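The structure appears right after this line, and notes come after that.
The values are calculated or read from the model by the stated rules, or taken from the named source; none is laboratory data. None of these values were measured; they are calculated from a predicted model. Positions of Cβ are generated from backbone atoms using ideal geometry, with glycine treated the same way; all protein chains shown enter the neighbour counts.
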Amino acid sequence: MQIGIIGLGYVGLPLAVAFAESGCEVVGLDVDQSKVEALNGGRSYIEDVPDAALEPLGERLRATTEYAELAACDAVILCVPTPLSDSREPDLTYLVESAEALAQVLRSGQLVVLESTTYPGTTRDRLLPILETSGLTAGSDFHLAFSPERIDPGRTDYTVKTTPKLVGGVTAASTERARALYAEICDTVVVLSSPEAAELSKLLENIFRSVNIALVNELAQLCDRLEIDVWEVIDAASSKPFGFMRFDPGPGMGGHCLPVDPFYLAFKARQHDFYPEFIELAGKVNQAQPSFCVERIERALNSIRKPVNGSRILILGVSYKGGVGDTRESPALKIIGRLQDLGAEVSYHDSFVPELPGHGLANAELEQALREADLAAIVTAHPDVDYEQVVARAPLVIDFRGVTREIEADNLLRL
Ligand SMILES: NC(=O)c1ccc[n+]([C@@H]2O[C@H](COP(=O)([O-])OP(=O)(O)OC[C@H]3O[C@@H](n4cnc5c(N)ncnc54)[C@H](O)[C@@H]3O)[C@@H](O)[C@H]2O)c1
């Protein structure tokens with residue numbers, strides 16, 4: 001089988017590798033020439049895909065910028081970004097552009113699957129009409145389905161193979177083609193009645209996380225006032241073997257998904273005169289969390305008679321989650337920006353992120369940065385940092401991730 005993957009990012013590349021590993025011929029397409037060159041040179045730029053995973057694939061995984069090369073594929077999977085516009089509305093520009101280019105080369109018998117996260121109705125109402133400009137009809141000449149990606153970058157306990165895959169096609173035949181496609185690489189394929197149900201299922205998964213993270217973030221703010229250790233409370237509640245699911249508070253939500261996806265559903269809901277309160281409230285609480293962290297930093301410095309203005313503040317971890325270098329929507333960026341506005345001399349250490357050009361900063365060497373800092377704030381916990389050493393070397397440490405819970409020290413504060 002020949003598979004085309006459009007968009008070779010955090011979602012598309014691991015998927016391309018999974019299909020190539022299963023024996024399929026894979027053509028990966030990206031508009032980013034540097035990614036195409038890297039892959040064709042055997043170099044990966046995604047943490048979850050080591051170079052060593054590309055080598056045995058040889059010619060089974062090729063990258064290109066030419067849509068014409070997709071014409072030979074049995075199935076084409078779209079994994080392009082679905083961000084928000086400046087006015088926090090769905091921005092389907094990448095999807096529309098890639099679909100228009102695909103329509104130029106679409107041929108009879110092909111299966112097209114959308115994996116990008118989006119609001120219910122996108123596959124049928126937006127993608128299908130564009131693909132039909134090819135002159136072919138969906139459901140008969142070509143097949144069309146939605147199958148949400150569930151990848152969690154940095155996670156190793158569940159893989160593309162072991163994470164159940166949802167599929168919903170625009171017709172029963174499209175659904176069956178999509179089921180058979182993913183059965184090549186996934187142990188379990190869950191069949192839904194429509195693309196809309198599959199689109200909404202993905203949004204539910206992410207909104208569920210967003211709402212629960214907002215709940216514990218709010219609890220962390222309350223615990224701060226009550227002088228109760230929020231981590232102790234969450235550890236205790238987590239001992240209940242049923243009816244409770246653990247979520248941890250932190251500096252706010254980041255990444256391409258959780259801060260973005262709820263707005264996709266809110267947009268769709270508004271079109272139907274429906275205002276989903278949980279979604280908006282969770283977004284509000286989570287967006288406010290970086291400001292709360294800045295306030296905690298101000299108070300921490302105040303306790304040692306220092307103003308933020310002029311203080312040297314070291315931010316540990318600037319990507320949105322541990323073990324990855326993705327800084328999209330990272331709360332660390334908001335925290336750094338606010339501290340810089342207040343006059344702090346901010347530095348950061350994150351071995352996954354070489355520079356933050358928007359803030360005029362580059363990754364600082366940890367030992368020296370700890371020696372020079374007035375305060376170190378743990379914003380994202382990466383596995384390669386020794387937090388005992390951080391607490392031992394920095395004059396004052398504030399931990400927004402709860403990774404120092406085993407450490408007792410006078411210079412240590414926690415969320
Ligand atoms: N990153 C995640 O953890 C994750 C998890 C589940 C779902 N998703 C969803 O998957 C989709 C892709 O996310 P991602 O994180 O892989 O994004 P990404 O930015 O890492 O990768 C997207 C790729 O698409 C390419 N691209 C953009 N326009 C294109 C075009 N017209 N033609 C060809 N390639 C084009 C970009 O150059 C980029 O390499 C989004 O809808 C996202 O919400 C992401």
Criterion violated by Asp157 - all others in (1) farther than 13 Å from Ile6 by Cα; (2) within 18 Å of the chain's Cα centre (by Cα); (3) within 15 Å of the ligand (Cβ to nearest atom); (4) surrounded by fewer than 23 Cβ atoms within 10 Å (Cβ to Cβ) satisfied: (3)
Subset of region 270-286 [in a helix (DSSP H, G or I) and surrounded by fewer than 16 Cβ atoms within 10 Å (Cβ to Cβ)]: Arg270, Gln271, Glu277, Phe278, Glu280, Leu281, Lys284
Residue list for region 151-178, filter: at pLDDT below 95 and either of a type in the set (Val, Ile, Thr) or within 23 Å of Arg126 (Cβ to Cβ) (or both): Ile151, Thr156, Thr159, Val160
Test: residue in region 386-395 that is within 26 Å of Thr82 (Cα to Cα), modelled with pLDDT of 95 or more, of a type in the set (A, V, I, L, M, F, W, C) and out of contact with any Cys (no Cβ under 7 Å at 6 or more places or on another chain): no
Enumeration of residues in region 119-137 that are under 31 Å from the mean Cα position of the chain (by Cα) and not in a helix (DSSP H, G or I): Tyr119, Pro120, Gly121
Residues of region 207-253 satisfying the condition of being touching a residue at least 40 places away in the same chain (Cβ under 8 Å) and over 22 Å from Val379 (Cβ atoms): Ile207, Val211
Unique match (being part of a loop (DSSP other than H, G, I, E, B) and more than 17 Å from Phe292 (Cβ to Cβ)) among Gly358, Gly343, Gly402: Gly343
Where Ala75 falls short, out of the listed (1) within 30 Å of His382 (Cα to Cα); (2) more than 15 Å from the ligand (Cβ to nearest atom): (1)
Subset of region 23-52 (residues that are more than 21 Å from the chain's Cα centre (by Cα), more than 10 Å from the ligand (Cβ to nearest atom) and buried (at least 17 other Cβ atoms within 10 Å of the Cβ)): Cys24, Glu25, Val26, Val27, Ala38, Leu39
Failed criterion for Leu301 (all others in (1) more than 16 Å from the ligand (Cβ to nearest atom); (2) without any contact (Cβ under 8 Å) to a residue 40 or more places away in the chain; (3) not in a loop (DSSP other than H, G, I, E, B) hold): (2)
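Working carefully through the options Glu298, Glu365, find the one that is acidic (Asp, Glu), over 24 Å from Leu222 (Cα atoms), out of contact with any helix residue (DSSP H, G or I) (no Cβ under 8 Å at 6 or more places or on another chain) and surrounded by fewer than 21 Cβ atoms within 10 Å (Cβ to Cβ).
After ruling out the rest, the residue left standing is Glu365.
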Where Ile5 falls short, out of the listed (1) assigned to a strand (DSSP E or B); (2) over 19 Å from Ile130 (Cα atoms); (3) within 24 Å of the chain's Cα centre (by Cα): (2)
Qualifying residue in region 338-361 (condition: touching a residue at least 60 places away in the same chain (Cβ under 8 Å) and under 23 Å from Asn286 (Cα atoms)): no
